[in-house]
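Student: Right, I'll just put the structure down here and ask away after.
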Amino acid sequence: MKYGAHRKKIVSYLKVYHNNLSSLAYLIFLRLHLIAGLIKKAKKFKLVHLPLKFFIFQVIHLATLVLLNMKKILLLELMMAACTGLNAQIMFKTEYFGESDYRMTEGDTDRKVGNSKGSAVVYQGGVNIPLSMKLDENKRPTMWALSVGGAYVRLDNKGFTEPLVIDEIMNLGLSLNHLRPLNDRWSMLATVGGGIYMPSTKLSKIRFKNVLGSVGVVFIYHLKPNLELGGGIVLNNSFGYPMLFPAFYLNWATAGKYTVKISMMDGVEMSAGYNANRHLSLNIVAEMKGQMALMVQDGKDKIFSHQYIIAGFRPEIKLGKRISIPLTAGIHVIRPAEITDRSLKSMFRDRSCYFQVSPYASAPMVIASVSIVSFSLFFS
């Protein structure tokens, strides 16, 4: 299989990930199959025809799929600390993607699309508000909470002669969540919510087709104090009609001078770090995130998806107990961005488009409290 075909597979898997179409086992099998093919090619050609960064990306992405249960049907994180009050958590974040060429894979070919190139800036914000909470004898909460979030994406596209991308995305979401322990080992998380996914910021253009709704339930098994696993089902209308999808949950973190963390909030995140002192930690991170817009083009319902995998160095500055500023500098490994039909069939088409690797930076701020208990749900 040629390099262009490998690239096509990656972008195709990202689309499947983003639109919640395949099972965890199926995607892991495909990723293992692809890596096995890359290893054979590397041995045959001694890596002459196989870019090292591409091979590394495959391994990192497989780890992401396995460890993070890679379902963007239900991207949630339970952040549990010493639960003594009902405090909201507020998050603001700005991400910058440097300019890079726009490419297309079709069949076994991988080519640049004319003089097309682009950069992007993503602005995100959210607040998680516990409405009520009661702790049991094991310090696990029964809680109702409200989550509100939004994102605005500005894409600075240049040199495009075809309508392959759009210039902006606006996502707004709201969900009501309920968490309760079932026994010493099990808890249940139920959620109902919806969101607006627009190709512009003009609220007057919002139509019913720009709205997605979702209802889901996940059962969580508390394997260890720092490890929780779970699964369930989610009903949503990503493709214009109600469909059931499986949902997976994983929450794992270590404590001490050296830390490893896996979380799912508005995407997925893996990090390994060193706590230099109570005000500073140094981390290596890898993340997968994305946004989308529901739109009409040439009289047909379409989806514009904007996704990215980033890797980089993240020093986190902590200002007291309530404010943290995790700055990140690195690269985006791949940034698929394209318009497709709003249908299952479009996920398996033979063409994919993406922006090449470029510099990446982000500057978030999180305002919270040590007593917070919150969880976030994002639909994409």
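The values are calculated or read from the model by the stated rules, or taken from the named source; none is laboratory data. Source: prediction; values computed, not measured. Please note: Cβ atoms are built from the backbone with ideal geometry, for glycine as well, and neighbour counts cover all protein chains shown.
Student: From 196, 166, 206, which residue is within 25 Å of the chain's Cα centre (by Cα) and farther than 27 Å from residue 309 by Cβ?
Tutor: Exactly one residue qualifies, and that residue is 206.
Student: Would you check if there is a residue in segment 114-123 being touching a Gly at 6+ places or on another chain (Cβ under 7 Å) and either over 25 Å from residue 357 (Cα atoms) or among the aliphatic types (A, V, I, L, M) (or both)?
Tutor: No: zero hits.
Student: Here's a follow-up. Determine which member of the set 282, 235, 250 is touching a residue at least 60 places away in the same chain (Cβ under 8 Å) and part of a strand (DSSP E or B). Full working, then the answer.
Tutor: Working: 282 fails: touching a residue at least 60 places away in the same chain (Cβ under 8 Å); 235 fails: touching a residue at least 60 places away in the same chain (Cβ under 8 Å).
None of the other options fit; the residue is 250.
Student: Right, here's the next one. Quick one: would you say residue 272 is of a type in the set (Gly, Ala, Ser), at pLDDT below 85 and under 30 Å from residue 138 (Cβ atoms)?
Tutor: For residue 272, the condition - of a type in the set (Gly, Ala, Ser), at pLDDT below 85 and under 30 Å from residue 138 (Cβ atoms) - is not met.
Student: Do you know which residues across segment 209-225 are more than 18 Å from residue 151 (Cα to Cα) and within 22 Å of the chain's Cα centre (by Cα)?
Tutor: Once the filter is applied, which keeps residues that are more than 18 Å from residue 151 (Cα to Cα) and within 22 Å of the chain's Cα centre (by Cα), segment 209-225 yields 214, 215, 216, 217, 218, 219, 220.
Student: While we're here: Please enumerate the residues belonging to segment 218-267 that are among the hydroxyl-bearing types (Ser, Thr, Tyr) and surrounded by 17 or more Cβ atoms within 10 Å (Cβ to Cβ).
Tutor: Within segment 218-267, 238, 249, 263 meet the criteria.
Student: Here's a follow-up. If residue 176 satisfies all but one of (1) surrounded by fewer than 21 Cβ atoms within 10 Å (Cβ to Cβ); (2) closer than 21 Å to residue 290 by Cα; (3) of a type outside the set (Gly, Ala, Ser), what's the number of the condition it fails?
Tutor: (2)
Student: To continue, here is another question. All but one of (1) more than 23 Å from residue 154 (Cβ to Cβ); (2) assigned to a strand (DSSP E or B) hold for residue 321; which doesn't?
Tutor: The single condition residue 321 does not satisfy is (2).
Student: Going by the conditions given, is residue 187 in a strand (DSSP E or B) and crowded, with 18+ Cβ neighbours inside 10 Å?
Tutor: yes
Student: Somewhere in segment 315-324, is a residue in contact with a Pro (Cβ under 8 Å, 6 or more places away or on another chain), surrounded by 14 or more Cβ atoms within 10 Å (Cβ to Cβ) and more than 20 Å from residue 213 (Cα to Cα)?
Tutor: Scanning segment 315-324, I find at least one residue that is in contact with a Pro (Cβ under 8 Å, 6 or more places away or on another chain), surrounded by 14 or more Cβ atoms within 10 Å (Cβ to Cβ) and more than 20 Å from residue 213 (Cα to Cα), so the answer is yes.
Student: Taking into account only those residues within segment 167-199 that are among the small types (Gly, Ala, Ser) and touching a residue at least 40 places away in the same chain (Cβ under 8 Å), which is nearest to residue 302 (Cα to Cα)? First the steps, then the outcome.
Tutor: Going residue by residue through segment 167-199, those that are among the small types (Gly, Ala, Ser) are 173, 175, 187, 190, 193-195.
Next, from what is left, pick out any that are touching a residue at least 40 places away in the same chain (Cβ under 8 Å): 173, 175, 187, 193-195.
On the way: 173: 20, 175: 24, 187: 38, 193: 22, 194: 19, 195: 17 Å.
Ranking the candidates gives 195 first.
Student: Given the criteria part of a strand (DSSP E or B) and without any contact (Cβ under 8 Å) to a residue 24 or more places away in the chain, does residue 311 qualify? Even if it seems obvious, please write down each step before you answer.
Tutor: Details: part of a strand (DSSP E or B): yes; without any contact (Cβ under 8 Å) to a residue 24 or more places away in the chain: no.
So residue 311 does not fit the description; no.
Student: Only one of 172, 229 is under 19 Å from the mean Cα position of the chain (by Cα), assigned to a strand (DSSP E or B) and modelled with pLDDT under 90. Can you tell me which?
Tutor: Unique residue meeting the criteria: 229.
Student: Give me the residue from segment 325-362 that is β-branched (Val, Ile, Thr) and more than 19 Å from residue 103 (Cα to Cα) and, out of that set, surrounded by the most Cβ atoms within 10 Å (Cβ to Cβ).
Tutor: So the residue we want is 328.
A quick yes/no check of all residues on (1) among the charged types (D, E, K, R); (2) touching a strand residue (DSSP E or B) at 6+ places or on another chain (Cβ under 8 Å); (3) in contact (Cβ under 8 Å) with a residue 12 or more places away in the chain:
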site: 114; (1), (2), (3): no, no, yes
site: 136; (1), (2), (3): yes, yes, yes
site: 141; (1), (2), (3): no, yes, yes
site: 146; (1), (2), (3): no, yes, yes
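Student: Suppose the filter is free of Cβ contacts under 8 Å to residues at least 40 places away in the same chain and not aliphatic (A, V, I, L, M); does residue 275 pass it? Steps first, please.
Tutor: Numbers: free of Cβ contacts under 8 Å to residues at least 40 places away in the same chain: yes; not aliphatic (A, V, I, L, M): yes.
Judged against the criteria, residue 275 is a match.
Student: Any residue at all in segment 204-217 that is at pLDDT below 90, surrounded by fewer than 15 Cβ atoms within 10 Å (Cβ to Cβ) and among the hydroxyl-bearing types (Ser, Thr, Tyr)?
Tutor: Taking every residue of segment 204-217 in turn, at least one turns out to be at pLDDT below 90, surrounded by fewer than 15 Cβ atoms within 10 Å (Cβ to Cβ) and among the hydroxyl-bearing types (Ser, Thr, Tyr).
Student: Quick check on segment 87-101. Is at least one of its residues free of Cβ contacts under 8 Å to residues at least 40 places away in the same chain and in contact with an Asp or Glu (Cβ under 9 Å, 6 or more places away or on another chain)?
Tutor: no
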